[in-house]
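Here the structure comes first, spelled out in structure tokens, and everything after it is commentary.
None of the figures in this text is laboratory data; all of them are computed from the coordinates on show. For clarity, every value in this text was computed on a predicted model and none was experimentally measured. Using ideal geometry, Cβ is built from the backbone for each residue, glycine included, and neighbour counts are taken over all protein chains shown.
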Amino acid sequence: MLFTTVDFAVFFTTVLALSWLVPAFGTRWKLLVLLSSYVFYAWWDWRFCGLLAASTALNQAAAEAIARSRTAATRRTLLVLAIAAGLATLGFFKYAGFFASSLANALGHLGLGAPLPLLQVVLPVGISFFTFQAISYVVDVYRGTTEPASRLDFAVYLAFFPHVVAGPIVRAREFIPQLRRSAAEPRLDGGRAISLILGGLFKKVVLAGFLSTAVVDPVFGAPGAHSRVEVLAAVYGYAVQIWADFSGYTDIAIGCALLLGIRFPANFDAPYAATSLQDFWRRWHMTLSRWLRDYLYIPLGGSRGSSLLTARNLMLTMLLGGLWHGAAWTFVVWGGIHGGFLVAERRLRRGRPRVETGVNRALARLLTFHVVCLAWIFFRADSVATAFSLLGRLVTGGGPASLVTVPVVLAIAAGIGVQYVPAGTVARLTARFAQLRPAFQGGVAAAALVGIGVLGPQGVAPFIYYRF
Amino acid sequence: MRPRQLLLVIVIALGLAALMDARSLERSAQTSPFGLRRSVELTVLRPLVTVSDHLALDRPRMALDALLHRSDDGGPAPPEPASLPPPQQVRVASSGLRLRLPATGEASPPPAAPRVRTAADPLRLWVGGDSVAGFLCYEMEAIAEHDPALAVRTHFQISTGLSRPDYYDWPAHLAQDTATGNPEVVVLLVGANDDQPLETPGGGVADFATPEWVTEYGRRAGALMDQVRREGRTVVWVGLPVMRAHDFGARMDVIDNAARRQAARRPGVLFLDSRPLFSDAGGAYAAYLPDDSGALTLMRAPDGVHLSPQGGTRLAEAVLRLIRDHSADPALALPRTGRAR
């Protein structure tokens with residue numbers, strides 16, 4: 001059930017209305033939200049509800065056992081077992097086919113060809129996100145920064161439908177205390193929530209949907225058939241598409257959660273206005289960035305050791321972050337580009353005072369954006385060869401640019417330009433919308449929905465991050 | 001904001017949007033598969049359309065559609081049937097067909113002198129279909145990048161087929177597509193979305209896989225083949241690949257067989273059975289198969305329906321082999337078309 005469908009609108013409105021019939025955050029409210037979340041998840045593939053339930057049971061059992069345990073060794077063993085179980089499940093679903101085929105080919109090269117079961121494993125939607133959340137919960141309980149939640153609270157936290165399929169990756173200590181509030185009739189930030197949902201729909205349906213069909217898919221599908229101007233438009237177009245797609249999804253998720261009275265952390269903050277790669281990762285998929293920082297980079301040693309060790313930790317974090325997207329060299333290169341530039345930035349800046357001028361900032365933004373675009377080429381291409389073919393066409397690709405139409409240029413410009421709109425302006429517009437009378441708010445929202453329907457392409461593809 | 005105020009906002013937003021967009025929603029419901037859900041949606045939407053019309057609430061959407069030259073299904077306006085050139089007026093490939101066809105008939109082109117494919121006079125292909133044809137299209141274009149004697153135009157449209165011309169009219173779109181570029185060979189792969197009831201010419205509805213359904217689907221496939229043949233082009237009708245889910249695969253077999261029978265009756269129509277290309281030694285679905293070098297390669301998309309890029313390459317090469325094998329002109333023999341990945 002995509003957020004952009006009528007099915008979801010009906011489902012969500014029904015759940016929302018039902019949720020007001022019971023005391024907010026009480027047991028009946030939680031049971032309703034939990035049941036709704038499993039219905040939402042089953043809509044994708046009911047067979048994986050068992051996996052979500054098993055992950056919930058296993059991690060809650062581990063957290064409770066860790067909290068009860070008196071010896072450090074037992075606590076550590078339980079932690080390792082819980083993490084290993086989560087990562088093994090994730091690894092099986094994400095990488096089994098890749099490793100089995102690689103092993104079969106390697107054995108074949110050695111003359112030891114043996115028929116291996118080459119399963120094409122179906123990836124359960126959202127498995128990365130609920131696995132990461134479960135790991136963070138168990139680790140936080142182990143570290144003593146979070147108390148074990150009640151079983152019902154943890155089940156709601158892991159399965160909560162606004163974030164179960166693609167995040168944001170919310171920490172237990174951010175989410176679960178919100179379930180412990182008592183509110184007979186909560187005051188809802190409805191204006192902001194509706195603004196977020198409408199903005200998210202516009203980003204996903206209009207910007208991402210249009211750019212994908214108009215320029216990105218055709219060029220990345222057959223780069224050799226397109227001119228350098230079209231390739232350049234496709235590269236910029238993809239940068240806007242993936243931002244609009246993922247941040248649009250996130251906006252809708254945050255808006256829906258807000259209507260149910262739950263606040264999610266921000267996940268995007270104008271990433272293409274970043275002045276460095278480090279800055280970019282503070283603004284892009286922020287909840288994953290901090291997860292990687294807290295549960296991978298810092299445990300690896302972070303920046304506490306020598307500059308060489310810090311560089312190693314950065315590269316490892318980014319390469320593993322790349323591999324998380326899938327078992328493909330394209331993702332490794334994507335992670336390598338980010339890791340390499342992060343290391344280079346640290347070395348270049350060490351001991352040098354920054355001269356903050358407008359020109360410097362503009363140049364830094366331009367450079368950062370293009371490094372990110374370079375990495376996106378590998379991220380989007382179906383192979384490293386295709387990515388290099390695209391890069392080659394940027395230099396050698398002559399010919400017309402029939403795909404680069406005025407709407408394509410406007411969409412790219414809008415997608416990048418909006419990153420430079422001050423946050424205060426957006427907040428003021430949202431506040432102004434929230435101050436309208438309910439009837440006017442409804443009217444504006446209706447007009448926006450119709451406008452999005454008119455401007456969007458026929459059919460809307462699933463969100464890009466659903467497959468991670 | 002209190003819940004009841006929020007509920008008011010949501011009800012007004014969704015209700016007013018539904019009224020303003022009623023025609024589009026109704027059209028969307030009309031083009032959805034026949035069945036209970038469609039009936040319920042239409043029952044709900046028809047009064048909305050009436051109200052919307054009376055209150056002129058549909059005018060803003062219509063004005064926007066007109067401004068953007070869009071049809072109310074969200075896509076570009078399909079060609080008006082009257083604007084399409086009648087088949088007999090479409091220019092037949094000047095060189096005639098150079099393919100040795102399985103049989104000859106009235107519709108077959110006159111024999112012509114062998115022609116050497118060159119960059120100046122390439123073999124012109126049009127390749128298209130539904131989303132399963134996506135990587136066939138992309139990989140055929142990729143092959144053409146390295147073969148100047150091959151000119152390829154492509155068009156695939158997701159969620160389409162022959163079952164719902166009211167949603168997407170392939171005959172009309174194909175006629176429009178092939179009117180430019182003058183392809184000698186039209187390669188079509190459709191069917192994956194066609195396992196649904198069909199409206200028969202008499203106005204009834206034939207349930208999937210019934211004899212009436214097979215007859216009607218065959219009629220539509222045959223008519224599309226005839227349309228292309230009338231324009232003097234060869235048709236390569238690509239059968240659906242074997243599917244991972246057995247029940248879905250069985251449904252696809254019904255569609256494939258209906259199209260295959262029509263192809264067999266028509267000179268100038270080649271049917272490519274793609275199932276062996278994507279099956280293991282036992283004829284079963286296999287996601288990983290040896291490529292040309294013998295390395296196990298992922299040929300299928302994770303959904304077990306669509307192709308991976310490598311699967312697209314395999315299918316594109318098979319299409320070109322089929323064309324080459326049916327060419328009377330040895331000069332048309334295609335060079336090796338594999339692409340390193």
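What residue among A:Gly305, A:Gly453, B:Trp213 has its Cα farthest toward the positive end of the dipole of the protein assembly as shown, where the charges are +1 on Lys, Arg and -1 on Asp, Glu, each on the Cβ? Value computed over the given set: A:Gly305. Temperature 10 °C, viscosity 1.306 mPa s: under these conditions the Stokes-Einstein estimate for region A:190-467, based on its Kirkwood radius over C-alpha pairs, is 79 µm² per second. Each of A:Thr287, B:Thr215 was scored by other Cβ atoms within 10 Å of its Cβ. Listed from fewest to most, they are B:Thr215, A:Thr287. Over the protein assembly as shown, all Cα pairs binned in 20 Å intervals from 0 give whole-percent P(r) values of 14, 45, 34, 7, 0, listed from short to long.
At an R0 of 22 angstrom, the distance between the Cβ atoms of B:Gln176 and A:Thr5 translates into a FRET efficiency of 0.15. With both labels modelled 7 Å from their Cα along Cα-to-Cβ, the A:Arg349 to B:Val205 distance reads 6.2 nm. Between B:Asp166 and B:Asp247, the contour length at 0.36 nm per residue exceeds the Cα-Cα span by 26.5 nm.
Take each residue in B:145-155, count the other chain C-beta atoms within 10 Å of its C-beta, and the mean is 1. Cβ crowding within 10 Å, taken as a proxy for footprinting-reagent exposure, orders A:Met286, B:Met252 from fewest neighbours to most as A:Met286, B:Met252. Listed by Cβ neighbour count within 10 Å, with the fewest neighbours leading, A:Cys256, A:Cys373 appear as A:Cys373, A:Cys256.
Can you give the FRET efficiency for A:Gln278 and A:Trp46, using 1/(1 + (r/R0)^6), R0 = 60 Å, r = Cβ-Cβ distance, to the nearest 0.05? The computed FRET efficiency comes out at 0.90.
Magnitude of the charge dipole for region A:268-317, about its Cα centre and with charges confined to Cβ atoms of Lys, Arg (+1) and Asp, Glu (-1), is about 120 debye. Between the residues B:Gly283, B:Thr200, B:Leu307, the greatest Cα displacement towards the positive end of the dipole of region B:198-341, with unit charges on the Cβ of Lys, Arg, Asp and Glu, is found for B:Leu307. Beta bridges per DSSP, both residues in the protein assembly as shown: antiparallel share near 35 percent. Rounded to the nearest 20 debye, the dipole magnitude of chain A is 1400 debye, with +1 charges on Lys and Arg beta carbons, -1 on Asp and Glu beta carbons, and the Cα centre as origin.
Label positions at A:Gln435 and A:His109, each projected 7 Å from the Cα along the C-beta direction, are separated by 6.7 nm.
Each Lys and Arg contributes +1 and each Asp and Glu -1, all at the Cβ; summed about the Cα centre of region B:256-320, the dipole is approximately 420 debye. Can you classify region A:6-179 as rounded, prolate or oblate using the Cα gyration tensor, where a ≥ b ≥ c are the square roots of its eigenvalues, rounded means a/c under 1.5, and otherwise it's prolate if a/b beats b/c and oblate if not? Oblate. Note that chain A shows a convex hull volume over its alpha carbon atoms of 183 Å³ per residue. The slack between A:Val359 and A:Arg293, meaning 0.36 nm per residue of separation minus the straight C-alpha distance, is 20.7 nm.
What FRET efficiency comes out for B:Ser39 versus A:Ser307 if R0 is 56 angstrom and r is the Cβ-Cβ distance? Round to the nearest 0.05. Here the calculated transfer efficiency is 0.20. Contact order, relative form, for chain A: 19 percent (alpha carbon pairs under 8 Å, 6 or more residues apart, mean separation divided by residue count). Computed on the Cα atoms alone, the convex hull of region A:186-326 gives a volume of 151 cubic angstrom per residue. Taking label positions 7 Å along the Cα-Cβ direction at both A:His370 and B:Asp303, the computed distance is 3.8 nm, reported to one decimal.
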